[in-house]
1. Looking only at the range 29-69, filter to residues that are small (Gly, Ala, Ser) and not in a strand (DSSP E or B); which one of those is nearest to Val111 (Cα to Cα)?
2. Would you mind finding the one in Ala126, Ala15 that is modelled with pLDDT under 95 and open to solvent by less than 80 Å² (accessible area, probe 1.4 Å)?
3. Keeping to the range 35-60, report how many residues are within 17 Å of Tyr76 (Cβ to Cβ), surrounded by fewer than 17 Cβ atoms within 10 Å (Cβ to Cβ) and under 10 Å from the mean Cα position of the chain (by Cα).
4. Is it the case that some residue within the range 39-60 is at pLDDT 90 or above, of a type in the set (Lys, Arg) and closer than 15 Å to Pro95 by Cα?
5. Give me the residue from the range 21-34 that is open to solvent by 30 Å² or more (accessible area, probe 1.4 Å), touching a residue at least 12 places away in the same chain (Cβ under 8 Å) and more than 13 Å from Leu75 (Cβ to Cβ) and, out of that set, nearest to the chain's Cα centre (by Cα).
6. If I ask for residues that are open to solvent by less than 50 Å² (accessible area, probe 1.4 Å), closer than 17 Å to Thr47 by Cα and in contact with a Ser or Thr (Cβ under 9 Å, 6 or more places away or on another chain), which ones from the range 86-111 would you list?
7. Applying the selection to the range 74-104, what residues are in a strand (DSSP E or B) and either over 19 Å from Pro29 (Cβ atoms) or aromatic (Phe, Trp, Tyr) (or both)?
8. Test Asp103 against the stated conditions and say whether it is modelled with pLDDT of 95 or more and acidic (Asp, Glu).
Amino acid sequence: MKPTTLTTFLALTLACLTSAWRLRLYRNPGYQVLIEDKSDFFSHDCTNLDPQLRGQTSSMHWEGEGALGQCTMHLYQHPGCSIPIVVKTSDISIPNFATKGVDDKVSSWKVVCQEDIGKREVVWRA
């Protein structure tokens, strides 16, 4: 491989990997008291919140770009990713879950990334 070809390949690879999804969950409304802050380039399997923090999430930030394109964030009411609360593709910040009827209900989450996953609206399940 020629040096210019290698340089081009590396530049394109790094450009793809600079976009990562990020999920931040907060205990209190208004993005106060961070309890979960995760980011990655690819899908993330079901993750349970710490037992002492389950059911205590009141606000969040979500940025959904992954290395393979758009990623979808899923929040669940129970550990083990059961009983869905919200599914969200595009970026979103929610300063107060109470306005959506899901305050203090999040216990687990996962992220699914796919190339061209498609845009979806927020689906709230109270």
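The values are calculated or read from the model by the stated rules, or taken from the named source; none is laboratory data. What you are looking at is a predicted structure, and each value in this text was computed from that prediction instead of being measured. Cβ coordinates were reconstructed from backbone atoms using ideal geometry, including for glycine residues, and neighbour counts include every protein chain displayed. Note: areas computed on protein heavy atoms with side chains; ligands, DNA, RNA excluded. Shrake-Rupley method; radii C 1.70, N 1.55, O 1.52, S 1.80 Å.
1. First, pick out the residues of the range 29-69 that are small (Gly, Ala, Ser): 30, 39, 43, 55, 58-59, 64, 66-67, 69.
With the extra rule that they be not in a strand (DSSP E or B), the set shrinks to 30, 43, 55, 58, 64, 67.
Numbers: Gly30: 23, Ser43: 5, Gly55: 19, Ser58: 19, Gly64: 9, Ala67: 13 Å.
Per the criteria, the residue is Ser43.
2. On the way: Ala126 fails: open to solvent by less than 80 Å² (accessible area, probe 1.4 Å).
Ala15 is the lone residue from the list that is modelled with pLDDT under 95 and open to solvent by less than 80 Å² (accessible area, probe 1.4 Å).
3. Count: 2.
4. no
5. Looking only at the range 21-34, we keep the residues that are open to solvent by 30 Å² or more (accessible area, probe 1.4 Å), and these are 22, 24, 27-34.
Still in the list and also touching a residue at least 12 places away in the same chain (Cβ under 8 Å): 22, 24, 27-32.
Remaining after also requiring more than 13 Å from Leu75 (Cβ to Cβ): 22, 27-32.
Numbers: Arg22: 5, Arg27: 16, Asn28: 18, Pro29: 18, Gly30: 18, Tyr31: 15, Gln32: 18 Å.
My answer is Arg22.
6. Passing the criteria: Val87, Lys88, Val106, Ser107, Ser108, Trp109, Val111.
7. Pass one, the range 74-104, residues in a strand (DSSP E or B): 74-78, 82-88, 92-94.
Correct list: His74, Tyr76, His78, Ser82, Ile83, Pro84, Val87.
8. Details: modelled with pLDDT of 95 or more: no; acidic (Asp, Glu): yes.
Answer is no for this residue.
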